[in-house]
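Novice: The structure is given below, and queries will be raised subsequently.
What follows draws every value from the coordinates through simple rules; no lab data is involved. Just so you know, these numbers come straight off a predicted model, no measurement behind them. For neighbour counting, all protein chains shown are included, and Cβ atoms are generated from backbone atoms with ideal geometry for every residue, glycine included.
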Amino acid sequence: MSGLREHQKAMRRKAISEAGVALFERQGFDNTTIEQIAREAGVSAPTVFKYFGSKQEIILEMLQKADETALQEARAHMAELDDPLDALCYLEQVLVDHALSMLPAPIWRELLLHVLGGDQSELPEKYKRLNESLQHAIASLLRDLQQRGKLRADLDVELAAFLLNDYSHLQILRLVSSEPMDLEQHRRQVRQTSGLILQGMIAR
């Protein structure tokens, strides 16, 4: 019976999460209430609060799942890439692909405008903490490249991860703001900017 109850809880949580994402995409995150999510999922508002303390937590859980899946995939395959630029572009590609598979472009547009606009509401603050975890994970992957001799031994990998991750927010915002989204153009721009960061601008 305990297995059945756990399965039912997981299915209910999934239904609430999917209802929230559908409403966020349809009418916007800011315009969506817990009561609306409850109606969409066919449950009561207290039930939504039982699984998610706020509508922000629905978004954050999706983001965390996307990051964890992407980083697991990146760790499995980046060691196969000899060119550090190929490795960086691959990392960015899997992060973006999984992010967009979890949350549609309209939600990303609204979320990134909040974050990049310096909004001090609950979502950006929690997103900031989640993003810091992602940044540290990126630094760990860069450190692996460094230890393999693909990056300079004196490279500050934490700073490099910050720069790559920070600029990627602007690139993703540009991507999700285009109609239709042009992933090929996005990846060309990512390769160009990542190459510039990787090679530096000082004449040698």
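Novice: Please report the Cα spread of segment 1-101 along all three principal axes, rounded to whole Å, starting with the longest.
Specialist: Taking max minus min along each principal axis of the Cα atoms, segment 1-101 gives 53, 39, 17 Å.
Novice: Next question. Report the label-to-label distance for residue 68 and residue 25 in nanometres (one decimal), using points 7 Å from each Cα along the Cα→Cβ vector.
Specialist: 2.2
Novice: In segment 1-53, with Lys and Arg counted as +1 and Asp and Glu as -1 at Cβ, which of these residues, 23, 8, 51, has the Cα nearest the positive end of the dipole, that is, farthest along it?
Specialist: The one lying farthest along the dipole's positive direction is 8.
Novice: Spin-label point model (7 Å from Cα, Cβ direction): what's the residue 126 to residue 97 distance in nm?
Specialist: Going from the residue 126 label point to the residue 97 one covers 2.9 nm.
Novice: Can you put 11, 78 in order of Cβ neighbours within 10 angstrom, beginning with the fewest?
Specialist: On the way: 11 10, 78 21.
The fewest-first ordering by Cβ neighbours comes to 11, 78.
Novice: Using helices alone, I'd like the mean residue ellipticity at 222 nm for the chain: each DSSP H run of four-plus residues gives -39500 (n - 2.57), total over residue count, nearest 500.
Specialist: Values: 9 runs with 159 residues, N = 204.
It lands at -26500 deg cm²/dmol.
Novice: Hey, which of these cross-link pairs are over 20 Å Cα-Cα: 50/128; 55/126; 128/150?
Specialist: The answer is 50/128; 128/150.
Novice: Most fluctuating residue of 35, 68, 92 in a GNM of the chain with Cα springs under 10 Å: which is it?
Specialist: Result: 35 has the largest fluctuation of those listed.
Novice: Right, here's the next one. Hey, for a label at residue 167 modelled as a point 7 Å past Cα toward Cβ, could you say which residues of segment 49-92 have their backbone N under 19 Å away?
Specialist: Only 83-92 pass the distance filter.
Novice: Once you put a point 7 Å from the Cα of residue 45 and another 7 Å from the Cα of residue 155, both along the Cβ direction, what distance in nm separates them?
Specialist: 5.1
Novice: So, one more: I need the phi-derived Karplus couplings for segment 152-162: 6.51 cos²θ - 1.76 cosθ + 1.60, θ = phi - 60°, integer Hz, Gly and Pro marked x.
Specialist: My calculation for segment 152-162 gives 4, 5, 9, 5, 7, 5, 5, 5, 4, 5, 4 Hz in order.
Novice: Something else now. About its Cα centre, how strong a charge dipole does segment 40-194 have in debye, to the nearest 20, once Lys and Arg get +1 and Asp and Glu get -1 at the Cβ?
Specialist: In debye, rounded to 20, segment 40-194 gives about 100.
Novice: Choose one of 131, 115, 192: the residue whose Cα lies farthest towards the positive end of the charge dipole of segment 70-204 (beta-carbon charges +1 Lys, Arg; -1 Asp, Glu; about the Cα centre).
Specialist: About the Cα centre, the residue reaching furthest to the positive side is 192.
Novice: With everything on Cα atoms, drop me the angle between helix 84-102 and the longest principal axis of the chain, reported from 0 to 90° to the nearest 10.
Specialist: 10
Novice: Also: Using a Gaussian network model on the chain with a 10 Å cutoff between Cα atoms, which of 162, 24, 49 fluctuates the most?
Specialist: 49
Novice: Moving on. Find how many whole Å separate the alpha carbon centroid of segment 143-204 from the alpha carbon centroid of segment 32-58.
Specialist: 37
Novice: On a full-extension model of 0.36 nm per residue, what is the gain between residue 188 and residue 8, subtracting their alpha-carbon distance, rounded to one decimal in nm? Walk me through the intermediate numbers first.
Specialist: Working: separation 180, 0.36 × 180 = 64.80 nm, distance 4.43 nm.
Additional length available on full extension: 60.4 nm.
Novice: Then there's this: Any idea what % of Cα-Cα pairs in the chain are farther than 28 Å? Could you put the intermediate results ahead of the total?
Specialist: Numbers: 7250 of 20706 pairs.
The share of Cα pairs beyond 28 Å in the chain comes to 35 percent.
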